[in-house]
Amino acid sequence: MRDALNQGLIEFLKASPTPFHATASLAQRLEAAGFQRLDERDSWATVPGGRYYVTRNDSSIIAIKLGKLSPLLSGIRMVGAHTDSPCLRVKPQPELQRHGFLQLGVEVYGGALLAPWFDRDLSLAGRVTFRRDGKVESQLVDFKLPIAVIPNLAIHLNRTANEGWPINPQLELPPIIAQVAGDERVDFRALLTEQLAREHELNADVVLDYELSFYDTQDAALIGLHGDFIAGARLDNLLSCYAGLQAMLASDSDETCVLVCTDHEEVGSSSACGADGPMLEQTLQRLLPDGDEYVRTVQRSLMVSADNAHGVHPNYADKHDGNHGPKLNAGPVIKVNNNQRYATNSETAGFFRHLCMAEEVPVQSFVVRSDMGCGSTIGPITASHLGVRTVDIGLPTFAMHSIRELCGSQDLAHLVKVLTAFYRTRELP
Ligand SMILES: [Zn+2]
């Protein structure tokens, strides 16, 4: 079970180099399990017991399993996560031709740890918008091959490199994608037109725009002497998306269950499809058009906001409060912040702890050191929008926001087990 889950995660990460691809990967797996696509522009005819999903901007997705009984009676069990990860995005006019090299100008998306991007075999993926036969269309692309690299500067030319040096994103990050002759001019949009033809046999008249990010071509892998860890890109937060998906697919209860995975968390969630936008609220309102029933149902519901936590790193253990150092492979972490950077309260934390105990899943607590600032999640944002009770939890990881993050190989199974139990819960507190 654990090995199958880990292998499934590794394949999911490979298929999901961008939020667009993550959404498509989730949709594909939901469809294979009998979930039907709902279009937000159409009217919906949902039925009790039905399984549906809806996407927005191709980069956020909500899966819905309607209970046989009205959710008004027992509330909705919701799990939330995010589809995006920090990365390098290609600028609109990216071509840089200097010293015989073709490079692409990039914008840093989110709070990326930049140093690990050097000396990696990078590829490019995302969404391309183009014109064909007078119509504007979009398509996902993934170059898959390692087509780019950001080489480090040799230590001989930067003698203090090991003492740490600031990275100027404008000057030092443009990846090299080719060597070109002096008078040859390369048009990046023309390269994308070729990629559309190669990947989708699609003849675009002209590429209009795109949202493309670089990613590491090295696959995620089970590592460590005893296979104790999983190393890979985008564990924050595709690890939680995948756990939520597996729990949703395993949940066979009569209760109404929702999985919401939204884009733009790493940049604050404020967008039409982000957690600070109206997508989840509008979706729930369409399922519960009566205003009174909507409020009553939300007040009986509960949201588990799943996003990774910082495990205690043996080389940097003093970065954690001595009593709150989550360990890898020791189960999900309940995240507490009394200043509401996390939405957890004693009731929601207590309920999650109770679920873990009942499932014999180990559970841990995290609170940031009192002399350090705290990160946040979609938890407080969703709680504020819907007024729904929320608990922030997540699996402990190392190297959050690196191009290669690390988690424990036993923890995914722990999280899937407890989220499945949550989706199956008969009565919420
Ligand atoms: Zn995250």
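The values are calculated or read from the model by the stated rules, or taken from the named source; none is laboratory data. Remember, predicted model here, so these are calculated numbers, not experimental data. In this analysis, Cβ positions are derived from the backbone assuming ideal geometry, glycine residues included, and neighbour counts consider all displayed protein chains.
Determine if the stretch 399-412 includes at least one residue that is in the same structural domain as residue 270 (by TED's automatic domain parsing), modelled with pLDDT under 95, closer than 21 Å to residue 336 by Cβ and surrounded by 21 or more Cβ atoms within 10 Å (Cβ to Cβ).
no
For the stretch 310-330, filtering for residues that are in contact (Cβ under 8 Å) with a residue 60 or more places away in the chain, surrounded by fewer than 23 Cβ atoms within 10 Å (Cβ to Cβ) and among the small types (Gly, Ala, Ser) leaves 1.
Hey, does the stretch 31-40 have a residue that's touching a residue at least 60 places away in the same chain (Cβ under 8 Å), closer than 16 Å to residue 259 by Cβ and not charged (D, E, K, R)? Yes, some residue in the stretch 31-40 is touching a residue at least 60 places away in the same chain (Cβ under 8 Å), closer than 16 Å to residue 259 by Cβ and not charged (D, E, K, R). Scanning the stretch 106-165 for residues that are outside any strand (DSSP E or B) and among the acidic types (Asp, Glu) turns up 119, 121, 133, 163. Cβ separations smaller than 8 Å between residues 6+ apart or across chains give the following pairs from the stretch 82-94 residues that are outside any strand (DSSP E or B) to residues that are among the aromatic types (Phe, Trp, Tyr) and within 16 Å of the ligand (Cβ to nearest atom): 84/109; 86/109. Of all residues in the stretch 27-83, those satisfying the criterion of being within 26 Å of residue 269 (Cβ to Cβ), of a type in the set (S, T, N, Q) and more than 16 Å from the ligand (Cβ to nearest atom) are 28, 55, 57.
Applying the condition of being modelled with pLDDT of 95 or more, over 27 Å from the mean Cα position of the chain (by Cα) and acidic (Asp, Glu) to the stretch 164-196 and asking which residue is farthest from residue 98 (Cα to Cα) yields 194.
Residue check: residue 43 meets all listed conditions (1) in contact (Cβ under 8 Å) with a residue 24 or more places away in the chain; (2) within 30 Å of residue 285 (Cβ to Cβ); (3) of a type in the set (S, T, N, Q) but one, namely (1).
Of the residues making up the stretch 84-102, those that are in contact with an Asp or Glu (Cβ under 9 Å, 6 or more places away or on another chain) and more than 16 Å from the ligand (Cβ to nearest atom) are 88, 89, 90, 91, 92, 95, 97, 102. The set of residues from the stretch 414-424 being under 11 Å from residue 256 (Cα atoms) and out of contact with any helix residue (DSSP H, G or I) (no Cβ under 7 Å at 6 or more places or on another chain) comprises just one member, 424. Scanning the stretch 6-23 for residues that are polar (S, T, N, Q) and assigned to a helix (DSSP H, G or I) returns 6, 7, 23. Among the numbered conditions (1) in a helix (DSSP H, G or I); (2) without any contact (Cβ under 8 Å) to a residue 24 or more places away in the chain; (3) buried (at least 16 other Cβ atoms within 10 Å of the Cβ); (4) not hydrophobic (A, V, I, L, M, F, W, C), the only one that residue 3 does not meet is (3). In the set (1) of a type outside the set (Phe, Trp, Tyr); (2) modelled with pLDDT of 95 or more; (3) within 16 Å of the ligand (Cβ to nearest atom), the condition left unmet by residue 376 is number (2).
The rows are residues; the columns are (1) more than 16 Å from the ligand (Cβ to nearest atom); (2) part of a loop (DSSP other than H, G, I, E, B); (3) within 30 Å of residue 214 (Cβ to Cβ).
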| site | (1), (2), (3) |
| --- | --- |
| 342 | no, yes, no |
| 348 | yes, no, no |
| 352 | yes, no, no |
| 361 | yes, yes, no |
| 381 | no, no, yes |
| 397 | no, no, yes |
